[in-house]
Each structure stands twice: as structure tokens, then as C-alpha cells.
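Handing you this structure, nothing more for now.
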Amino acid sequence: MTAVATSDFIDKEEPKRTVMIYSRYERFWHWSQAALIFTLAFTGFSIHGLLPLGYKLAVQIHSWAAIALIVLWAFTTFWHFTTGQWRQYLPKLASLPAILKFYAWGILAGAPHPYTKTLKRKQNALQSLAYLWFMVVIGPALWSSGIAYLTYPLWAKMAAGTHALEIVAFIHLAAAYLISIFVIIHIYMTTTGKTPLHYIKTMITGYDTIPLSKAEAAYLAEDEPNRLKS
Ligand code: HEM
């Protein structure tokens, strides 16, 4: 596979160090978002009649979990902008063909992953695109239609004789299916690391072994020594 000269592929030759790449808050929001999305999917598809939880209980749990998720998303959006971490989601498209080629057949032939995780870029181009799609399309479709659903009693009179509620329900259900597909693919992708549990362990402990440039290693040793394990 040809090396692509983009920042997604830098630093491969630098010495590897075990370093905390996911902060405590990042791991907290990732796992609490996961728990809330599972709860919302289970209760939401029960409301829809596909899963067995009773309607009334499902609506109650769904509404509280939805409010918790919206609060979590609001805090996390704030965190992304104040820490500059939002830049991680800007996909470096030049490296995308190599990544797609790897997932299309390189992975089956045991080829090495074309992308090396670095401190500055924790995600490959495909991940950035998928997460961007999640945050810019699926997330807003879910919370906006969900809030419209929650507040229906407030606008029911205005919507009488229109198809507004059906449109809201359609958008919410479509986004619910999309997020479910996203979660299934996401979980599958987590198993494609060095070992099937490698990525999951990294998101639990925060630590991964990645190439660090001399400048990054010096910065961490001086300013954030507890992020360096070895
Ligand atoms: C993000 C914030 C969310 C809000 C505010 C929200 C709110 C709501 C509300 C109020 C309902 C209608 C309950 C009723 O019939 O009284 C509903 C239904 C539903 N929700 Fe959510 N929800 C959210 C996220 C999610 C997520 C993440 C899923 C994940 C899969 C989901 C899946 C569903 C499904 C499948 C239904 C049933 C739709 C139907 O049968 O028409 N929701 N939601």
C-alpha cells in the first residue's frame, strides 16, 4: 500500500509510548452516551411495538433518558469547543481512499492498518466522517423531532388537520433506525483493533500505545506527566 503524505500518516517511525489519549471526561461522556442510547433504543422500539416493555413505562423511561442525553450532548458540545477537540472530527479526505481500500479487502487479507493514531488525530478519516454524520445529521434529527414529540400537547391545537405529527414521528423513527445501524457498525469496528477488545479497553482505561514526537513527549513529561505511562 502506498504511503499517503498527510498528517493522518505522520510520526509512524517515532518511538511508541503508552499515553492517556482519552481524558476522564471523554470516557465519561462516551460511556454514558452509549448507556443512554441503548436505553432509548430499547424503550423507543418498545413504544413502537417492536420490543416487549409496556407502553406507559417505556414512555416514562424514554422521556427521562432523552432529557439526560440532551443535557449530556449540550455539555459535550461545550467541552468540544472549549478544549479544541472538535478539530478531531474534521476529516482529512486525502487519506480516505486508503482507509476504504483497507476496510474493503486489506482487512480480510491481514494487511496492516494504513492509519496510525497520533495524539493530535485520534480518528482516521472514515471515523471522522461517520462521527460528523452522527453529530450533524442523526443527532439533531433525533433531538429536534424528539423535543417536538415531547412538547406535542403545546402545539397540538395548531397542528390540527395537518400531518405535522406524522412528519415528526417519521423523522424520529427514521433517525432511530439510522442511529441503530450506526451503533451496530460502530460496535463491529471496535473489534477490528490489534485484538478484538483493544479499542474497548482503550476507551475504558484511556491509555493507548502510540508514536509520540519528541516535542509531544517533552510537552507531556513537563506539563502532564500523569498522562505518560511508559
Ligand atoms: C435525543 C432525544 C430524544 C427525545 C427527546 C425523544 C423523545 C421521544 C418521544 C417524546 C417519543 C414519543 C413517546 C410517546 O409516544 O409518547 C419518542 C418515541 C420514539 N423514540 Fe425517541 N427520543 C429521543 C431519542 C431517541 C433515540 C436515541 C432513539 C434510539 C433508537 C429513539 C427511538 C424512538 C422510537 C423508536 C420511538 C417510537 C416512534 C414511533 O413509534 O412513532 N429516540 N421519542
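The values are calculated or read from the model by the stated rules, or taken from the named source; none is laboratory data. Predicted, not measured: the structure shown is a model, and the values here were computed from it. Note: ideal-geometry Cβ built from the backbone for every residue, glycine included; neighbour counts use all protein chains shown.
For residues that are surrounded by 13 or more Cβ atoms within 10 Å (Cβ to Cβ) and hydroxyl-bearing (S, T, Y), scanning just the range 212-230, find the one that is farthest from I107 (Cα to Cα).
Y219
Quick check on this structure: which one of Q127, Q60 is within 29 Å of I171 (Cβ to Cβ), more than 10 Å from the ligand (Cβ to nearest atom) and surrounded by 12 or more Cβ atoms within 10 Å (Cβ to Cβ)?
Q127
Quick one: in the range 63-78, of everything that is of a type outside the set (A, V, I, L, M) and without any contact (Cβ under 8 Å) to a residue 12 or more places away in the chain, which residue is nearest to the ligand (Cβ to nearest atom)? Even if it seems obvious, please write down each step before you answer.
Keep residues of the range 63-78 that are of a type outside the set (A, V, I, L, M), which gives 63-64, 73, 75-78.
Pick out the ones that are also without any contact (Cβ under 8 Å) to a residue 12 or more places away in the chain and you get 64, 77-78.
Working: W64: 10, T77: 13, F78: 17 Å.
Selected residue: W64.
Is it true that some residue in the range 33-52 is out of contact with any strand residue (DSSP E or B) (no Cβ under 6 Å at 6 or more places or on another chain), more than 10 Å from the ligand (Cβ to nearest atom) and within 21 Å of F182 (Cβ to Cβ)?
Yes: one or more hits.
Can I ask one more? Could you tell me whether any residue of the range 11-29 is modelled with pLDDT of 95 or more and either within 15 Å of the ligand (Cβ to nearest atom) or outside any helix (DSSP H, G or I) (or both)?
There is at least one residue in the range 11-29 that is modelled with pLDDT of 95 or more and either within 15 Å of the ligand (Cβ to nearest atom) or outside any helix (DSSP H, G or I) (or both).
Matching residues to (1) within 15 Å of the ligand (Cβ to nearest atom); (2) closer than 28 Å to G206 by Cβ:
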{"position": "H80", "(1), (2)": "no, yes"}
{"position": "L96", "(1), (2)": "no, yes"}
{"position": "L108", "(1), (2)": "no, no"}
{"position": "P112", "(1), (2)": "no, yes"}
{"position": "M135", "(1), (2)": "yes, yes"}
{"position": "H163", "(1), (2)": "yes, no"}
{"position": "H172", "(1), (2)": "yes, no"}
{"position": "Y177", "(1), (2)": "yes, no"}
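Another question, if that's okay. Could you tell me which of the residues T209, T192, T202 is more than 16 Å from the ligand (Cβ to nearest atom), under 30 Å from A109 (Cα atoms) and at pLDDT below 85?
None of the others qualify; the one that does is T192.
Can you tell me which of M158, M135 is in contact (Cβ under 8 Å) with a residue 24 or more places away in the chain, part of a helix (DSSP H, G or I) and not polar (S, T, N, Q)?
M135
Based on this model, can you work out whether T2 counts as modelled with pLDDT under 75, exposed (fewer than 13 other Cβ atoms within 10 Å of the Cβ) and polar (S, T, N, Q)?
Here the answer is yes, as T2 does meet what is asked.
Cβ-Cβ under 7 Å, sequence separation 6+ or interchain: first residue in the range 138-151 and in contact (Cβ under 8 Å) with a residue 12 or more places away in the chain and among the β-branched types (V, I, T), partner within 6 Å of the ligand (Cβ to nearest atom) and in a helix (DSSP H, G or I). Which pairs?
Final answer for the pair search is I138/I179.
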